[in-house]
Amino acid sequence: MILQIFVSNILPAFLIIGAGALLGRVLGLEVRTPSRITLYFFVPCLVFTSLTKSTVGATDFTNILMFLVAITAAIGAVSWGVARAASLNRTQENALLLSTMFLNAGNLGLPILLFAYGQEGMDRGIVFYIGSALMAHTVAAFFASRGRASVRRSISNMLKLPTLYAILLAFALRALHVAPPEFAFKSISLASGAAIPTLLFALGIQLAQTRLRGNWRLIGAGTAIKLLVAPVLAFGLAELMGLQGLTYKVCVFEASTPAAITAALMAIEFDAEPAFVTSVVFLTTLLSSITLTAVLGILG
């Protein structure tokens, strides 16, 4: 059962990640180009088509976003408690919060949801991803820059991302009950199909360039919170909120994904223990092949 879940849902994603890592090493590929193409073109197309065609109701939409805020706060509280107990300084505390509170709902979460639960699962995952992306460019920026730089620059950069406007346009069309021109929608839909493999491939290139460095006790604590504590909190919170069906499964799964690449980028940008944060991203991504298999097995 567990092996079948791994082979059917987890392994396909990690094979593409592995291809990205291998070709990144052999060909000396830079992650910036595929990442920017995905960020500025493929992902906005994916978000637009998914939201335009989405059958996710208003109740499920709201519940997913409420769950995201609640689970982020819960993980943050645990991480803050660990930081205080370990007498970490402000920079180390920020780094621990960065590496545990923000998750990889896009690069890794979306493709596995597609494999495991089909289009309806990924549609709910898109809602989760939208919320997590907005938080990653605001709340994560706050922790990364706390005491070092203004958050205004990060918010300004977020407003430059086309995904935000793809979201607003999709919502506007749905509210007005207006369908986009068929020729344009076909083109956007075609481009959206490239988002998932490109996300995974870019993640592989990024991991190939990452080295495990930093305080190993701190790295271990961050990894344990992200892969062991977070899923337990997710199951409990989903039950407490009364989530049901596919929304329950998607929320718990997404909350169990590894540390976000965005967190590492923020740590590098604001010099918030970047070696530690990137190490947690690397380690949690690799080990998540085991933990995510277990989570899918429990969810059924």
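None of the figures in this text is laboratory data; all of them are computed from the coordinates on show. The model shown is predicted, which means the values in this text are computed figures rather than measured ones. We place every Cβ from the backbone using ideal geometry, glycine too, and count neighbours over all the protein chains shown.
Annotations for the structure displayed:
- Charges were assigned to the Cβ only: +1 to each Lys and Arg, -1 to each Asp and Glu. The resulting dipole of the range 2-299 about its Cα centre is roughly 620 debye.
- Debye intensity ratio in log₁₀ form over the Cα atoms of the range 2-299, taken at each q of 0.14 Å⁻¹: -1.04
- Each peptide among 241-252, 78-89, 93-104, 198-209 gets the average number of other Cβ atoms lying within 10 Å of its residues, and from highest to lowest they stand as 93-104, 198-209, 241-252, 78-89.
- Among 228-236, 254-262, sorting by the average number of other beta carbon atoms lying within 10 angstrom of each residue, highest first, gives 254-262, 228-236.
- Convex hull of Cα atoms in the range 155-300, direction-averaged projection (nm²): 11.7
- Within the range 9-72, the proportion of Cα pairs with more than 20 Å between them is 58 percent.
- Rounded to 10°, Cα long-axis angle of helix 245-255 versus longest principal axis of the chain: 40
- Phi angles of the range 111-116 translate, via the Karplus equation with coefficients 6.51, -1.76, 1.60 and θ = phi - 60°, into HN-Hα couplings of x, 5, 4, 5, 5, 7 Hz per residue; Gly and Pro are given as x.
- Amide H partners (placed H, <5 Å) of Leu103, local residues excluded: Ala260
- Cα long-axis angle, helix 274-299 against the chain (0 to 90 degrees, to the nearest 10): 60
- Nearest 10 degrees, 0 to 90: helix 195-208 Cα axis against the chain principal axis: 20
- When the helices of the chain are scored as -39500 (n - 2.57) per DSSP H run of n ≥ 4 and the total is divided over every residue, the value at 222 nm lands at -24500 deg cm²/dmol.
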